[in-house]
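Here's the structure we're looking at; comments come further down.
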Amino acid sequence: MDTLQKKRIAVVMLFYMINFGLWELVAPVITPEWASFAVYVLLFIIVTLMFWDEMRSEWNEFKAGVFTGKGFKLSLAATLVIELLLSGAVIFIASKWCPIIMPENNENVKSQMAAVPVFLSVFQGCVFAPVIEEMTFRYGIINKPESKKSLIKLALISIVLFDVFHIARFPEFFYYLVPSVVLTLFYSKYRNVFASIVLHSLINVVGYAALLTGIL
């Protein structure tokens with residue numbers, strides 16, 4: 001096992017340990033909302049320090065090749081629209097026939113924005129979260145497998161683990177399934193973590209805008 005493989009395994013383990021173990025210790029002391037913010041600040045620092053060289057390489061590849069490549073911006077915009085339409089359809093179905101699908105996390109985010117300054121909450125959701133979660137669930141789990149069979153297997157693991165992390169009850173799995181699948185497919189297409197970070201950030205920007213305006 002090489003150094004990168006060890007770091008990829010370590011980041012997944014640290015993600016869950018800090019999000020659940022450390023959060024449980026800190027939340028009673030500084031409130032759950034501030035604990036969530038503190039956990040993501042810590043994770044952002046850890047991920048950046050662990051993968052500094054790899055992130056620089058991915059960024060240079062993204063800036064010089066992926067972002068400037070033919071069709072990336074159109075693909076990004078089209079994928080964002082598709083994700084929003086599919087998620088909107090899930091929300092509509094849930095509101096009409098199966099409200100239990102709607103996640104508790106939306107209420108948690110609203111509580112956080114009430115307890116933590118809004119700009120910090122938005123920064124956490126639209127900058128920290130995309131970087132941390134894409135480095136963990138896409139780069140850490142999928143990376144750049146050599147075979148299509150390995151890619152499919154790792155992509156499925158990524159989808160399930162990303163989805164499960166966000167839910168409080170099993171029915172919520174279906175709410176997060178759309179963004180989980182879309183982000184994984186987008187990463188698999190470009191094999192560059194900054195491609196999925198940008199998409200993840202845009203999805204969250206729309207989500208936060210919906211929460212702030214009362215649409216969700």
Note to self: I'm trying to understand the selection: among the residues of region 181-202, which are more than 19 Å from THR68 (Cβ to Cβ) and either aromatic (Phe, Trp, Tyr) or surrounded by 21 or more Cβ atoms within 10 Å (Cβ to Cβ) (or both)?
What the structure shows: VAL182, LEU183, THR184, HIS200
Notebook entry, point to check: Tell me, which residue of region 32-81 that is closer than 30 Å to GLY21 by Cα and among the hydroxyl-bearing types (Ser, Thr, Tyr) is surrounded by the fewest Cβ atoms within 10 Å (Cβ to Cβ)?
Noted result: THR48
Checklist line | Matching residues in region 88-107 - criterion: being free of Cβ contacts under 8 Å to residues at least 24 places away in the same chain and polar (S, T, N, Q) | finding: SER95
Check: Restricting the first residue to region 46-65 and requiring it to be β-branched (Val, Ile, Thr), which pairs with a second residue that is crowded, with 17+ Cβ neighbours inside 10 Å meet a Cβ separation below 6 Å and a spacing of at least six or different chains?
Finding: VAL47/ILE132; VAL47/MET135
Next item on the list: Identify, from the list ILE132, ILE142, the residue that is within 30 Å of SER57 (Cβ to Cβ), at pLDDT 90 or above, more than 11 Å from the chain's Cα centre (by Cα) and not aromatic (Phe, Trp, Tyr).
Entry: ILE142
Checklist line | Scan of region 94-144 for residues that are under 30 Å from ARG191 (Cβ atoms) and in a loop (DSSP other than H, G, I, E, B), ordered by number | finding: PRO103, ILE141, ILE142, ASN143, LYS144
Next item on the list: Could you tell me whether any residue of region 148-160 is in a helix (DSSP H, G or I), under 16 Å from LEU199 (Cβ atoms) and touching a residue at least 40 places away in the same chain (Cβ under 8 Å)?
Entry: no
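The values are calculated or read from the model by the stated rules, or taken from the named source; none is laboratory data. Note that the structure is predicted; figures quoted are calculated from it, not measured. Glycine also receives a Cβ, built like all others from the backbone with ideal geometry; neighbour counts cover every protein chain displayed.
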